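Beneath this line is the structure, given in structure tokens, with notes to follow.
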Amino acid sequence: MDTIRTRAQLEILFDNILTRNHTDHATYQKYGYGRNALKTYIIEIHEINKETNYDSLLSTLLSKALEVDNKSKVIETEEESLLRLHTSDGEYFIDTTSKRYVILHSASSTKITDRFIRKFQNTKGLDTLWLPVPLLLQTIDFGKLWGIGVKYKEALEDSIIEGNESTEDVQDVSLNINRHFAKNFFQILMKSEFSHMMGLSKVSLLRKEDEGAIVQKSGFIIDDIRFDGKITAKGNSYSNHSQVVNNLVDLYSSAISNIESYGLSFEEGFLSGTPITIKFSKRVQPNKLVDFLFSGEEPFRLWGMPNDLGSDQYRVYAVDMHHGNSGAKLTFEIDQEFIRVSLPKYSCGNTILRLLANINHYIDAMATLEVGEFGLKVDLSRAGLS
């Protein structure tokens, strides 16, 4: 890997790794030693933007990496937007084209890369992507649906019945569906009475260079896109994988920019901006919701003291305790049918997508978002699932 100095060389390297690991498009054997899957992680750097210069970006990446591993080294290549990150355990190639959303590729062991990335993105000012159900469904535009993963845990139902500790009434869903049954099975579930429990956590996509060709004889990739921005690739075409990754960055960046454009501010005596509304597909119990949302604990990491307005309505002045946006202040209005959030101008829209993503996995998988002319709705027709 020391010889990798350009994107063209990187593509050859990853094509060789993918091809070596590939057996056929239908059957995947567990990779042996030295045969690790290609993994890509997308991380948002909150303190970086398009105007940030190269030296500042380089310094930020190195300082964050050193917090995790004091033997980390960031090595420049012949291309300014391509860096190598060498740690004591693993090797990563970093694409900094978009600056705010850095892309890390690695063929090191998953046990090593997952552990490093988890610590890396938990340093102050960094965060994963947060892909709520409506946004994750839009990734189906990038290829052909090959599989789905669902995780949901009902957080507002009582788990103690008549004083007896019991988990029999807790509604949990965890399933993975692949290949031919994925689309039809998911269609049925999304149109059923259980749709509010379909907390989509992963979408698997097949992307081919030549749609008319046999998969084994053409360039193809099967990408598992997780709701936290990790993408695992199987196939033989890094260029197809790279296109999916870039499409995801564009999709996420556009959603964040739209949300942030409606941030509230009070300037020259005028209030500008628009509150963000998250609508539930079913009624919730606001008193239980505020207790769950504003405890400061996982998964929401929001802390605030609810103000009971009566008639099942609450107002909460909250502080974001999450490492990515630590200290950010938001105002919430909550009732049985919606949450309305006032996001201050210049705040990161990642806070809102994190809120919606966790609502999708713990409260209502069909919850949607509206702000101004922008919205995130569960659109099955757009995803080819109607």
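Every number in this text was worked out from the coordinates using simple rules, so none of it is lab data. Quick caveat, the model's predicted, so the values are computed rather than measured. Ideal geometry is used to build each Cβ from the backbone, glycine not excepted, and the neighbour counts take in all protein chains shown.
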Quiz item: If eta is 0.890 mPa s and T is 25 °C, what Stokes-Einstein diffusion coefficient results for segment 272-386, Kirkwood Rh from Cα pairs, in µm²/s?
Solution: 168
Quiz item: If you stretched the chain out fully between residue 62 and residue 9, how much longer would it get, using 0.36 nm times the residue separation minus the C-alpha to C-alpha distance?
Solution: 16.7 nm
Quiz prompt | Cα convex hull of the chain, projected area averaged across orientations, nm² | solution = 21.9
Quiz prompt | Normalised convex hull volume, segment 61-124, alpha-carbon set, Å³ per residue | solution = 78
Quiz prompt | Helix 7-21 vs. the chain, principal-axis angle (Cα, 0 to 90°, nearest 10) | solution = 90
Quiz prompt | Low-density loop cleavage sites - GluC sites (Glu not before Pro) in segment 242-292, where at most 11 other Cβ are within 10 Å (DSSP) | solution = 268
Exercise. Hand me the GluC sites (Glu not before Pro) from segment 325-386 located in a DSSP loop with no more than 11 other Cβ atoms within 10 Å, in residue order please.
Key: 373
Quiz prompt | Sparse-neighbour loop sites [trypsin sites (Lys or Arg not before Pro); segment 210-298; at most 12 other C-beta within 10 Å; DSSP] | solution = 282, 283
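Which of the pairs 288/377; 191/377; 39/234; 71/230; 39/64 have their Cα atoms more than 18 Å apart in this structure? Before the final figure, lay out each step's value.
Values: 288/377 25 Å; 191/377 15 Å; 39/234 9 Å; 71/230 24 Å; 39/64 20 Å.
Cα-Cα > 18 Å for 288/377; 71/230; 39/64; rest within.
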Quiz prompt | Between 0 and 90°, nearest 10: helix 54-68 axis offset from the chain longest Cα axis | solution = 80
Quiz item: For a paramagnetic label modelled at 7 Å from the Cα of residue 110 toward its Cβ, which residues of segment 230-248 fall within the zone defined by backbone nitrogen distances under 18 Å?
Solution: 230-236
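Which whole-number percent of Cα pairs in segment 214-260 have a distance greater than 14 Å?
Of all Cα-Cα distances in segment 214-260, 57 percent exceed 14 Å.
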